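Comments concern the structure below.
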Amino acid sequence: MEEIKNEQELQAPQQQSLVSAEKQAAAKPQPKRNRLSFGKVFLAALLAVVVGSVVSFLFWISLFSGLSALVEPQTKPIPESAILKIDFKECLTDAPSKSPFNIDFATMQPISSLTLFNALQAIEAAESDDRIKGIYINITGTGSATADLLEELREAIVKFKQSGKFVVAYNEVYSQWMYYFCSVADKVYMQPEGTFSLTGLSLSTMFYKGLIDKLGVEVDILRPTVCKYKSAVEPFFLDKMSEANRAQMQALADNMWSVLTEAVSASRGISVEELNRLTNELAVNLPQEALDHKLIDGLKYQDQMEELFKEEYGIEDLNFVSLGDYAKGLTPDVSKLSAPKVAIVYANGQVMDGNGSDDNIYGYTMAREIREVADDEDVKAVVLRVNSPGGSALASDIIWREVELLKAKKPVIVSMGSYAASGGYYISAPADAIVADKLTLTGSIGVFGMLPSVGKALKDKVGITVDAVNTNTYSDMGNGFSALKPAEYQALMKGVDRVYERFTSLVAQGRNLTIEKVLEIAEGRVWSGAEAQKIGLVDTCGGLTAAIAIAVDKAELGENYQIVEKKSAAEGFMAILEQLGGTVKASITKDSELVKLYEEYKNVEQIITRKGIYTYCPYDLTIE
């Protein structure tokens, strides 16, 4: 009260001049002030800025989400007569994204995506839907699907054709994999001035040894001598493929090409030998050449295709419904809402240590998800959809243990996507059965470690040196500045060898193979799904639908079951921020002209920043 009174006494009357007020203030002793410190003012201001930023961030996220909901077309009712159109306007993905954002920040447009499971459900539902008269495959460019996703969709369309409904394909451009997919149609057409590619497959990888040598970086490679096919580290100490790597890559390319040509041969009635002759002679590049060699059935413009539906199939009112819109319109069978569940659990991305919320597999996070379905009494069987090139050996072992515990409670069937190799195979091995696509890359039962050291490069290139004091002989082992000493290398190799021994023993246990057989087919070698079936690493070739059918059978559910997807999402504010950063970066770079170099940069960054021992598939292949 005294402080307030003194301050009031200092206040000059309004009519008093400024000069007299200053004199009066100078004549009187200065009163005590309210003790609001600078620190408190600063912290209060900082808090206001933080709160304001958070509120602003949430506002914009809400705005983006709202705009997305407004801009994204609403699903229209299906007409009484319609054609299901597969155009890949939606991004076809193997697993649901964990990102809470569905905005392309580069264009500020909503991103429409469709999971493989939803696409397969839609095609299956269309078989018995009287409103759907047939399927029209009309894709501009090459589409967004990978080869293995095309394989599973193609098989679904083969089954759809048994309903007696038509399937027609039309494109302006046919890449090899898109033609593989479209060749399943009853009739295949193309634009008269389009392009047709039939050149064979080329698998390539990039090597960095020349760059590393120029930079002066030293790299210690930790790889068991028996893992001669484990070529993840080859780009860092070789400038071309080793003979072992070349042999396995050639086998992969040949197997993939045989899947393509055999499927086309069966659909078009052209022998595999003839397809290879046409390919080797570059005999098919122009639309007329494709027609002459019976790869397509006609050359038409878009408006002529519309007439074809009317004349050949008697459809007067052309109503096309996209695969994505049709999938959104499907409603669950209410009679099975209380039925036993078959859960699809997604293991999608690289295997990483710890917890995480991005589109990768984190050891602790994945273990927790598996434990949840294990404890859910309503879930009677689990399909583990694995789409992973592997990663951390430790995280893989943590997940392996949870799959093993899950199998003790209920059937576990693994469905393999593009990759289920190295660490991806590690977590698959305990399953009751393994189902792989023919084009799946699997196996790669091997292990490696790699330690780059930059001390010499820093000294020679920029004049920076590093010095340290140590308490023991090898205290600075693996510090990233100096190469490993012989004793250090041997010590680390003990861990690498131990992981390989455990990996191979777990495969032998899970697949009911002798250890001698596993060692024979291991060595880090990658196999296609078709080849993996022959050597016992896979039980059968098929897709997600086949894996679900096996799970239902093993759980003895008959016809009374429902399928549920175990979907993960970012949790917590920091996880959402992490997702936002990744989403923005991905959306901005994905259409960049430098996207291929950016992908290579990410691969190098991931390899050289890893710590520990890794079970990782050596391939990030460019398929041409």
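The values are calculated or read from the model by the stated rules, or taken from the named source; none is laboratory data. Just so it is clear, the structure is predicted and the values come from calculations on it, not from any experiment. Virtual Cβ from ideal backbone geometry, glycine too; neighbours counted across all protein chains shown.
List of remarks:
- Here Ser475 meets the list (1) assigned by TED's automatic domain parsing to the domain that holds Ile399; (2) free of Cβ contacts under 8 Å to residues at least 12 places away in the same chain almost entirely, failing just condition (1).
- Reported count of residues in segment 328-375, each being buried (at least 23 other Cβ atoms within 10 Å of the Cβ) and within 30 Å of Arg131 (Cβ to Cβ), is 2.
- Candidates Tyr346, Tyr364, filtered to the one that is in contact with a helix residue (DSSP H, G or I) (Cβ under 8 Å, 6 or more places away or on another chain) and of a type in the set (Ser, Thr, Tyr): Tyr364
- Filtering segment 430-450 to residues that are more than 26 Å from Glu234 (Cα to Cα), buried (at least 24 other Cβ atoms within 10 Å of the Cβ) and aliphatic (A, V, I, L, M) leaves Ala431, Ile434, Val435, Ala436.
- Leu506 being outside any loop (DSSP other than H, G, I, E, B) and buried (at least 17 other Cβ atoms within 10 Å of the Cβ): yes
- Of all residues in segment 240-284, those being more than 27 Å from the chain's Cα centre (by Cα), among the β-branched types (Val, Ile, Thr) and buried (at least 17 other Cβ atoms within 10 Å of the Cβ) number 4.
- Check on Leu513, part of a loop (DSSP other than H, G, I, E, B) and surrounded by fewer than 23 Cβ atoms within 10 Å (Cβ to Cβ): yes
- Candidates in segment 145-164 are the residues that are under 19 Å from Thr440 (Cβ atoms) and assigned to a loop (DSSP other than H, G, I, E, B); of these, the one that is modelled with the lowest pLDDT is Ala145.
- Residue in segment 291-299 that is at pLDDT 95 or above and part of a helix (DSSP H, G or I) present: yes
Let's see how each residue does on (1) crowded, with 18+ Cβ neighbours inside 10 Å; (2) touching a residue at least 60 places away in the same chain (Cβ under 8 Å); (3) in a loop (DSSP other than H, G, I, E, B); (4) on the phi > 0 side of the Ramachandran plot:
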site: Val168; (1), (2), (3), (4): yes, yes, no, no
site: Val173; (1), (2), (3), (4): no, no, no, no
site: Trp177; (1), (2), (3), (4): yes, yes, no, no
site: Tyr180; (1), (2), (3), (4): yes, yes, no, no
site: Val188; (1), (2), (3), (4): yes, yes, no, no
site: Glu193; (1), (2), (3), (4): no, yes, no, no
site: Leu198; (1), (2), (3), (4): yes, yes, yes, no
site: Phe207; (1), (2), (3), (4): no, no, yes, no
site: Gly210; (1), (2), (3), (4): no, no, no, no
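- Matching residues, segment 469-489, being polar (S, T, N, Q) and over 35 Å from the mean Cα position of the chain (by Cα): Asn470, Thr471, Asn472, Thr473, Ser475, Ser482
- Criterion: within 30 Å of Leu238 (Cβ to Cβ), modelled with pLDDT of 95 or more and not hydrophobic (A, V, I, L, M, F, W, C) - qualifying residue of Ser396, Ser422: Ser396
- For segment 308-325, the condition of being among the charged types (D, E, K, R), surrounded by fewer than 23 Cβ atoms within 10 Å (Cβ to Cβ), touching a Lys or Arg at 6+ places or on another chain (Cβ under 9 Å) and under 24 Å from Ala433 (Cβ atoms) holds for none of the residues.
- The requirement of being closer than 21 Å to Ala436 by Cα and among the aliphatic types (A, V, I, L, M) is not satisfied by Ala393.
- Screening Val454 with (1) surrounded by 24 or more Cβ atoms within 10 Å (Cβ to Cβ); (2) on the phi < 0 side of the Ramachandran plot gives one miss only, at (1).
- Filtering segment 523-558 to residues that are within 21 Å of Ala244 (Cα to Cα) and either under 25 Å from the mean Cα position of the chain (by Cα) or in a strand (DSSP E or B) (or both) leaves Gly524, Arg525, Val526, Trp527, Ser528, Gly529, Ala530, Glu531, Ala532, Leu537.
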